[in-house]
Amino acid sequence: MPLERLQKIIAAAGIASRRHAEQLITSGMVTVNGQIVTELGSKADPGHDHIRVNNKLLKIPEQHVYFALNKPKGYVTTASDPEGRPTVMDLLRNVGTRVYPVGRLDYGSEGLLLLTNDGDLTQRLTRASSHVPKTYLVKVSGEPQPEDIQKLRAGIKLPPVSPRPGERRRSESVTTAPAKIHLIKEGANPWYEVTLIEGRNRQIRRMFEEIGHHVEKIRRVSYGPLRLDVEPGEFRPLTSAEVSQLRASALVRPAVPDFSRSQAPSTSPKSTRRRPGHNRPRKKP
């Protein structure tokens, strides 16, 4: 942590007001690493220095930090991996404190990942009832039929997932919540933009597999109010405004949206080209 004025540190710990903290310092009631400090304006590192007020060790409240990371493919979203694979924690450098991922992106997926030491916000964002939207760009193998995509929009039943090593039970079958899906690039292996309001294990891959199509690439490009804006493997701290927006999105409990109807085309620069005759006015009989 950066050095801060002693009176500010003491006030932040709830011991006294900043003016009263100044009085404690000048009266010799404050020590830093065993040395009495009486000069106003003296600084200390609240994360490393031992600060005592009236011989009582100051307990510094944890300072919350928030980061947006562009997770590359080939990293697991855990603090450590028993198989020895690289984790997203290997990408964080000099953050000054221990942070944890908010939710997960699987080993083969990439894109926007949030990391923080704010347990309360993490719980709010990841609970099933939060409905915080997350948007992904998804490349699939083969061309799904429109009626199959419509099934995904309306919600589709997924079979149980086989247990992982160390797990005893299979998961139960589930029906996904409505999803927003539209084509953004045509081809033999088309790209779709998919917005979910839930985060089940490998959900997008399982959804497309259920209609017979393998997912080749997944990139998360937004999480609630945040947009992906850093290069792969890089990260940045969130602004105070972004943290406030995240908190607000986690507190709001909107009704489950109806994505099952026809949806507007993407505004993405990669949006699909119109087929000849598409959306032409119909002739009156």
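Of everything in region 110-139 that's under 18 Å from Leu92 (Cβ atoms) and of a type in the set (Gly, Ala, Ser), which residue is surrounded by the fewest Cβ atoms within 10 Å (Cβ to Cβ)? Looking at residues that are under 18 Å from Leu92 (Cβ atoms) and of a type in the set (Gly, Ala, Ser), I get Gly119. Residues of region 78-99 that are in contact with a Gly (Cβ under 8 Å, 6 or more places away or on another chain) and hydroxyl-bearing (Ser, Thr, Tyr): Thr97 alone.
Per the listing Pro101, Pro72, the residue uniquely surrounded by fewer than 20 Cβ atoms within 10 Å (Cβ to Cβ) and either assigned by TED's automatic domain parsing to the domain that holds Glu198 or hydrophobic (A, V, I, L, M, F, W, C) (or both) is Pro72.
On the stretch given as region 115-165, residues that are hydroxyl-bearing (Ser, Thr, Tyr) and under 14 Å from Met207 (Cα atoms) total 2.
If you go through region 106-123 one residue at a time, how many are in contact with a Gly (Cβ under 9 Å, 6 or more places away or on another chain) and not in a loop (DSSP other than H, G, I, E, B)? Steps first, please.
Taking region 106-123 as the starting set, the residues that turn out to be in contact with a Gly (Cβ under 9 Å, 6 or more places away or on another chain) are 107-108, 110, 113-114, 122.
Within this subset, residues satisfying the condition of being not in a loop (DSSP other than H, G, I, E, B) are 110, 113-114, 122.
Going through region 106-123 one residue at a time, the tally reaches 4.
Of all residues in region 6-30, those satisfying the criterion of being surrounded by fewer than 18 Cβ atoms within 10 Å (Cβ to Cβ) and polar (S, T, N, Q) are Ser17, Gln23, Thr26, Ser27.
If you go through region 27-49 one residue at a time, do you hit one that is in the same structural domain as Trp191 (by TED's automatic domain parsing), without any contact (Cβ under 8 Å) to a residue 60 or more places away in the chain and assigned to a strand (DSSP E or B)?
Taking region 27-49 as the starting set, the residues that turn out to be in the same structural domain as Trp191 (by TED's automatic domain parsing) are none.
Checked region 27-49: no residue is in the same structural domain as Trp191 (by TED's automatic domain parsing), without any contact (Cβ under 8 Å) to a residue 60 or more places away in the chain and assigned to a strand (DSSP E or B).
Is there a residue in region 220-238 that is within 16 Å of Leu152 (Cβ to Cβ) and surrounded by 17 or more Cβ atoms within 10 Å (Cβ to Cβ)? Looking through region 220-238, none of the residues is within 16 Å of Leu152 (Cβ to Cβ) and surrounded by 17 or more Cβ atoms within 10 Å (Cβ to Cβ). Would you check which residues across region 64-105 are in contact (Cβ under 8 Å) with a residue 24 or more places away in the chain and in a strand (DSSP E or B) and list them? Answer for region 64-105, where residues must be in contact (Cβ under 8 Å) with a residue 24 or more places away in the chain and in a strand (DSSP E or B): Tyr66, Phe67, Ala68, Leu69, Asn70, Lys71, Val76, Pro101.
The values are calculated or read from the model by the stated rules, or taken from the named source; none is laboratory data. Computed from a prediction, not measured in an experiment: that's the story for all the values here. Note that we place each Cβ from the backbone using ideal geometry, even for glycine, and neighbour counts take in every protein chain shown.
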